[in-house]
Amino acid sequence: MNTDDQLDLFNELDDFKPTDDFLNGNKHHGRFTARDRRRLRAGTREFVASQDDSRQSFKFSYKAARFEEWWLLDSLGDFFEHKWISDVFSRVKGGKEASVYLCRAGVAIDAPLVAAKVYRPRSLRNLKNDAEYRVGRIDLDEDGHIIKDDRASRAVQKRTDYGETLRHQSWISYEYQTLETLHKAGADTPTPYATGKNAILMGYVGDLGAPAPELSAVTLQRGEVAPLFDRVMQNIDLMLAHERIHGDLSAYNILYWDGGISLIDFPQVVVPGKNPAAWTIFLRDVTRVCQYFESQGLRTDPRRIAGQLWTAHGYKVGKDVHPRDLDPDNAEDRSLWEHQQEDG
């Protein structure tokens, strides 16, 4: 399911009469038929059934479809109750795995605006190559603690419904912990404020009029190119120093604002010393970044740069990026493979 289809699902459910009856407590509604159940889908039916009206005082300016509204109430209600946010203004970014919403900060946060990254309900998420990134990672619970319970660990391994819920939460916990670690170390990342069972609250990059654009959409001034490239490499080096590889780094998840950058989207972080594919993933990250800066007129040598950074932290250079680690539908990945073939 692509991003547009996922967003259309909210509108579909908004106009779906059995859902409307269910959410509004219509005493005269009929029972869900087998056809209705198929349309509503197992995951979304479970999600709708779990909702309650305990946070009816949380009203926001954003005009969401009804199902999306319930999803936001469930995901952001704790942030509202803790006075971390006081309103939701708009959805500034939609994605296959999560959407980002611009919020007005509550009195507990010393900032006018914050961003809430809200993950899709687990049944709607599509974590491509999930296993590739998880190798060497210890599963975390919603509080960021290592999962030690044997029953829970077995559920994760067997990928039961309960295990999938735990995997989903571990994915979010890794993103938040990485944000905390890197921000504290001085990396160019949004400020992490709080995390919940399905969302992360962080600093907003942009202004009320518009969010910061992705670097991929920006044509840099000549004098900006080399300094910003060096800054990105410093961040990559800092991540390695804290045993993290972004795992999906490119100009599409680096934000540009007022001449500075912010790295985002860390759920798939890789532990370099414990993942056999770490070098190939790291080389892919560096190469994708270099490709953008080459398009801005800077000559780079991604293999040399990646090798120097990698070995400086005591890691051994491995084999080339394997085709299975590349997405044939991604123009950057196709270019990376062609580069590698030329070098070989």
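The values are calculated or read from the model by the stated rules, or taken from the named source; none is laboratory data. Note that the structure is predicted; figures quoted are calculated from it, not measured. Because the Cβ atoms are built from the backbone with ideal geometry, glycine has one as well, and the counts that use them run over all protein chains shown.
Mind listing whichever residues of the range 66-102 are farther than 18 Å from PHE266 by Cα and free of Cβ contacts under 8 Å to residues at least 24 places away in the same chain? Residues satisfying the conditions are GLU69, LEU73, GLY77, SER86. Would you check if there is a residue in the range 287-303 being assigned by TED's automatic domain parsing to the domain that holds PHE229, crowded, with 17+ Cβ neighbours inside 10 Å, modelled with pLDDT of 95 or more and more than 22 Å from LEU220 (Cβ to Cβ)? Among the residues of the range 287-303, at least one is assigned by TED's automatic domain parsing to the domain that holds PHE229, crowded, with 17+ Cβ neighbours inside 10 Å, modelled with pLDDT of 95 or more and more than 22 Å from LEU220 (Cβ to Cβ), which makes the answer yes. Restricting attention to the range 190-238, and to residues there that are of a type in the set (Ser, Thr, Tyr) and under 19 Å from VAL269 (Cα atoms), which single residue is nearest to the chain's Cα centre (by Cα)? Checking each candidate, the answer is THR195.
Any residue at all in the range 231-246 that is charged (D, E, K, R), over 19 Å from ALA185 (Cβ atoms) and surrounded by fewer than 21 Cβ atoms within 10 Å (Cβ to Cβ)? No, that holds for no residue.
Only one of these is assigned to a strand (DSSP E or B) and either more than 16 Å from GLN177 (Cβ to Cβ) or β-branched (Val, Ile, Thr) (or both): LEU201, LEU208, LEU255. Name it. I'd like the intermediate steps shown before the answer.
Details: LEU201 fails: either more than 16 Å from GLN177 (Cβ to Cβ) or β-branched (Val, Ile, Thr) (or both); LEU208 fails: assigned to a strand (DSSP E or B).
The match here is LEU255.
If you go through the range 258-278 and pick out every residue that is modelled with pLDDT of 95 or more and either within 15 Å of GLU243 (Cα to Cα) or in a strand (DSSP E or B) (or both), you end up with 4. All conditions but one from (1) in contact with a helix residue (DSSP H, G or I) (Cβ under 9 Å, 6 or more places away or on another chain); (2) at pLDDT below 95; (3) not aliphatic (A, V, I, L, M) apply to THR189; the one that does not is (2).
In the same structural domain as VAL271 (by TED's automatic domain parsing) and not in a helix (DSSP H, G or I), is that true of GLU224?
For GLU224, the condition - in the same structural domain as VAL271 (by TED's automatic domain parsing) and not in a helix (DSSP H, G or I) - is not met.
Kindly indicate whether GLY247 is modelled with pLDDT under 95, assigned by TED's automatic domain parsing to the domain that holds LEU283 and part of a loop (DSSP other than H, G, I, E, B). Taking the combined requirement at face value, the residue satisfies it.
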